[in-house]
Amino acid sequence: MIRVARVVGPEVLRQVRLIELRTRRLVTTLFSGEYRSIFRGQGIEFAEVRQYESGDDYRAIDWNVSARMGSPYVKIFEEERELTLLLVVDRSGSVEFGQPRTKANVAVEVAAVLALAAARHNDRVGALLFADQVEQVVPPAKGRRHALRVIRDLLAFMPEGRGTNLAAALGYASRLLRHRAIVVVVSDFRAHGWEQPLQKLTIKHEVVAVTVDDPREFELPDVGWIELQDAETGVRELVDTSDAAAGLRLRIAAEERRLARARALKRASVDHVALSTDRPYTQALHDTFAARARRLHR
């Protein structure tokens, strides 16, 4: 069941203002010249058909019209005046982990940057928040006030579930969006069965995956025996962090998960921004989106 956003207090509103101030320069510098190349150029709609001319892209041929007319015709597209950006944000138990910032903190701030960039360019922006099910949806709309509402809801959101049902969230996004959109999925992707729904989403929409990890998921500090608790299932386990063999098994398993995730995202042909809780996210965002802009406009 999708919840309505709860009434928020002055502390959340203060955090919204702080995030806006902290990310304002980033929004201005990171997206001032690149936003159109990164996103806007991908929002296209059908305009008309005309007869094929030498040099036209054969992939644009409208075979139905060509058959009726007896000669080749191509489809002509034009850029949409505005675009829809949907932020699919993971708020499951596993993203509450991280140091010096949690994965959830990083995810919210990255989503805030993108929401404010969309508002700056008069595009629609919305959000879908999920844990073991989709718990809250902010329908896409335009304007700075709406972007701040998206950020407010991201900050105020308290998930009811602890698990991660990324597949359900991606399926919900597919049903929610009627027209072509940019979908940014911010998650650690520690879930099962999301590969097929992701590939289905990419058929109609442009998808960017922003993964957030914490270094301690790959290598635990040597502090002797500690009790670890799974943030989603609550299962507890004693682990000897000074055991070299156990540490090696952890690193191998974590690296295998990371590589499997990267391969799945590559198969789905989505752009991948890899972030870590111990490093600033700005450079990774800039590098990935700059590479995307170059690739799209070669």
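What follows is calculated from the coordinates using simple rules that are stated; it is not laboratory data. Note that this is a predicted model, so its numbers are computed, not measured. With ideal geometry, Cβ positions are generated from the backbone for all residues, glycine too; neighbour counts draw on all protein chains shown.
Peptides 94-103, 204-213, 246-255, 177-186 ranked from most to least packed by the mean count of surrounding Cβ atoms within 10 Å: 204-213, 177-186, 94-103, 246-255. Backbone amide hydrogens, once placed in the peptide plane, bring Val207 within less than 5 Å of Val183, Asp271, excluding anything fewer than 5 places away on its chain. In this structure, the amide hydrogen of Tyr73, modeled 1.01 Å from its nitrogen in the peptide plane, lies closer than 5 angstrom to those of Tyr52, Asp62, Ser66, counting only residues at least 5 positions away or on a different chain. A 27 angstrom limit on the alpha carbon distance is what I want to check against. Which of Lys142/Lys266; Lys142/Lys204; Lys75/Lys204; Lys75/Lys200 exceed it? In this structure, Lys142/Lys266 lie more than 27 Å apart at Cα. Under 5 Å between amide hydrogens, built in the peptide plane, is the criterion, and for Val134 it picks out nothing among residues at least 5 positions away or on other chains.
In order along the stretch 265-273, phi translates into HN-Hα couplings of 5, 5, 4, 7, 6, 9, 6, 10, 10 Hz, rounded to whole numbers, per the Karplus curve 6.51 cos²θ - 1.76 cosθ + 1.60 with θ = phi - 60° and x for Gly and Pro. Each residue of the stretch 148-161 was assigned a 3J(HN,Hα) from its phi angle through the Karplus expression (A = 6.51, B = -1.76, C = 1.60, θ = phi - 60°), giving 5, 5, 4, 5, 4, 5, 4, 6, 7, 5, 10, x, 7, x Hz with x at Gly and Pro.
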